[in-house]
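S.K.: Please read through the structure below; I'll follow up with questions.
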Amino acid sequence: MQIINEISDLREIRRTWQSSAKVIAFVPTMGNLHQGHLNLVREAKKQADIVVVSIFVNPMQFGPDEDLDAYPKTLESDSRLLDDLGIDVLFMPSANDIYARGLEQQTFVEVPGLSYMICGASRPGHFRGVATIVCKLFNMVQPNLAFFGEKDFQQLQVIKAMVTDFSMNLKVFGVTTTREDDGLAMSSRNHYLESKERKLAPTLYKKMHELVDEIQAGRRDFSRLTQEYKLQLAELGFNPDYLEIRNVETLLQPGHEDQHLVLLAAAFLGKTRLIDNLQIRL
Ligand code: PAF
């Protein structure tokens, strides 16, 4: 595994792959790798000849009161895990290199609509930051395939929309959420949970299943249903941000004809914001 920090060095090695017909897969991350990330890499390895992983904690996607400074950094163990998996390149650029003209001056990419709803409404500017960094990294790595976790479901839809809108020559794959044995979706932010909160955390996913069971049993009053479950979550000790049932692709409110939906949830436990989702086929 080669560790590359400079964009110019990445471009250099990218040029050496140019002439061969090798398939290049890319897995962008912010580090602090867990099994969820490693499963993205395993999936990438199955489908490509060359796998590039990036670690970059992207300041542009954090709000002013969010956890940019506290975001866990475990570069040594991350690089060991990636080396063990046999990736080809670990790209770890600096913020100065990535945002060479400064964050304020940075040209941005924003997918309208999708970026403003649900998570985007709670975290203004977040998806602009995500789309911008992913676009920049795609320009640097120039992958044929790119892999993202389905856990960040709205992020995945934003990136797919950007790739379509800019006619980018690559295929985006969503990989099923990796869960702990008790059902909690793996996330770097789970480390923030105190032990009492950690015990309660999987209840979010259990409650989401109960809600979906009610839909499968015939309930269609989605707005009342999500309201009921938000109250239940609050009684259990969560501070629910949203619980939304949407069309799985557009993330718009579902119409009567929609058969494939997704339940999207975000809730705080103490200071930790958990997100999760569950697809629903009617
Ligand atoms: O999902 C993440 O870890 C980040 O949002 C991503 C896609 C690496 C962009 O910074």
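No value in this document is a laboratory result; all are computed from the given coordinates. Note that the coordinates shown come from a computational prediction; the quantities given were computed from them, not determined experimentally. As a convention, Cβ positions derive from the backbone with ideal geometry for all residues, glycine included, and neighbour counts pool all protein chains shown.
S.K.: Would you kindly derive the ³J(HN,Hα) couplings of the range 185-202 from the backbone phi angles with the Karplus curve 6.51 cos²θ - 1.76 cosθ + 1.60 (θ = phi - 60°), listing them in order in whole Hz, with x for Gly and Pro?
M.R.: 5, 5, 7, 4, 6, 4, 4, 6, 5, 6, 4, 5, 5, 4, 5, 7, 3, x
S.K.: Pull out a ≥ b ≥ c, the square roots of the eigenvalues of the alpha-carbon gyration tensor of the range 66-177, then state rounded if a/c is under 1.5, prolate if not and a/b is larger than b/c, and oblate in the remaining case.
M.R.: Working: a/c = 1.39, a/b = 1.23, b/c = 1.13.
Rounded.
S.K.: Pairs to check: Lys199/Lys230; Lys171/Lys206; Lys46/Lys171; Lys151/Lys271; Lys171/Lys207; Lys73/Lys171. Give those whose C-alpha atoms are more than 22 Å from each other in this structure.
M.R.: Details: Lys199/Lys230 19 Å; Lys171/Lys206 33 Å; Lys46/Lys171 15 Å; Lys151/Lys271 19 Å; Lys171/Lys207 34 Å; Lys73/Lys171 29 Å.
Those over the limit are Lys171/Lys206; Lys171/Lys207; Lys73/Lys171.
S.K.: Using only Cα atoms, what Kirkwood radius does the chain have, in angstroms?
M.R.: 19.9
S.K.: List the residues whose amide H sits under 5 Å from the amide H of Val175, counting only those 5 or more places along or on another chain, with H placed 1.01 Å from N in the peptide plane.
M.R.: Phe148, Gly149, Glu150
S.K.: With just the Cα atoms of the range 176-273, tell me how far they stretch along each of the three principal axes, in Å, largest first.
M.R.: The Cα atoms of the range 176-273 stretch 43, 29, 21 Å along their principal axes.
S.K.: Which far-off residues, 5 or more places away or on another chain, put their amide H under 5 Å from the one on Gly31, with H placed in the peptide plane?
M.R.: Residues meeting the amide H criterion: Phe56.
S.K.: Give the residue from Thr250, Leu282, Leu269 lying farthest towards the positive end of the charge dipole for the range 241-282; charges sit on Cβ (+1 for Lys and Arg, -1 for Asp and Glu) and the dipole is referred to the Cα centre.
M.R.: Result: Leu269, furthest along the dipole toward the positive end.
S.K.: Right, here's the next one. For the range 14-94, what class follows from the C-alpha gyration tensor (a ≥ b ≥ c being the square roots of its eigenvalues): rounded when a/c is under 1.5, otherwise prolate if a/b is larger than b/c, else oblate? Display every interim value, and only then the final one.
M.R.: Values: a/c = 2.39, a/b = 1.76, b/c = 1.36.
It is prolate, given that a/c is not under 1.5 and a/b is the larger ratio.
S.K.: Order 32-38, 107-113, 255-261 from most to least packed using the mean count of other Cβ atoms within 10 Å.
M.R.: Values: 32-38: 19.6, 107-113: 14.6, 255-261: 11.0.
Highest to lowest by the protection proxy: 32-38, 107-113, 255-261.
S.K.: Enumerate the calculated ³J(HN,Hα) couplings along the range 116-124 in order (Karplus 6.51 cos²θ - 1.76 cosθ + 1.60, θ = phi - 60°), each rounded to whole Hz, writing x wherever the residue is Gly or Pro.
M.R.: Values, residue by residue: 9, 8, 6, 4, x, 6, 7, 10, x Hz.
S.K.: Scan around Phe26 for amide H atoms under 5 Å from its own, H built in the peptide plane at 1.01 Å from N, and keep only partners 5 or more places away or cross-chain.
M.R.: When sequence neighbours closer than 5 places are left aside, the close amide H contacts are Val52, Leu145, Ala146, Phe147.
S.K.: To the nearest 20 Debye, how big is the dipole of the chain about its Cα centre, given +1 on the beta carbon of each Lys and Arg and -1 on that of each Asp and Glu? Intermediate results must be reported in sequence, preceding the final value.
M.R.: Values: 31 positive and 37 negative charges, 68 e Å.
Dipole of the chain, to the nearest 20 debye: 320 debye.
S.K.: Follow-up. Helix by helix, which DSSP H runs in the chain go 20 Å or more along their axis at the Cα atoms and have an average Kyte-Doolittle hydropathy of 1.0 or more?
M.R.: Once both thresholds are applied, what remains is 126-141.
S.K.: Moving to a separate point now. Decide, for the range 230-282, between rounded, prolate and oblate: order the square roots of the alpha carbon gyration tensor eigenvalues as a ≥ b ≥ c, take rounded if a/c falls under 1.5, and otherwise choose prolate if a/b is larger than b/c, else oblate. Don't skip to the answer; put the middle values down first.
M.R.: Working: a/c = 3.10, a/b = 2.40, b/c = 1.29.
It is prolate, given that a/c is not under 1.5 and a/b is the larger ratio.
S.K.: Additional query: Please figure out what share of the DSSP beta bridges in the chain is antiparallel and state it in percent, rounded to the nearest 5. Let's see the in-between values first.
M.R.: Working: 19 of 38 bridges.
Bridges in the chain that DSSP calls antiparallel: roughly 50 percent.
S.K.: Right, next: Restricting to DSSP H runs of at least four residues, report the calculated mean residue ellipticity at 222 nm for the chain, -39500 (n - 2.57) per run over all residues, nearest 500 deg cm²/dmol. The partial results should precede the final answer.
M.R.: Working: 10 runs with 108 residues, N = 282.
Counting only the DSSP helices, I get -11500 deg cm²/dmol.
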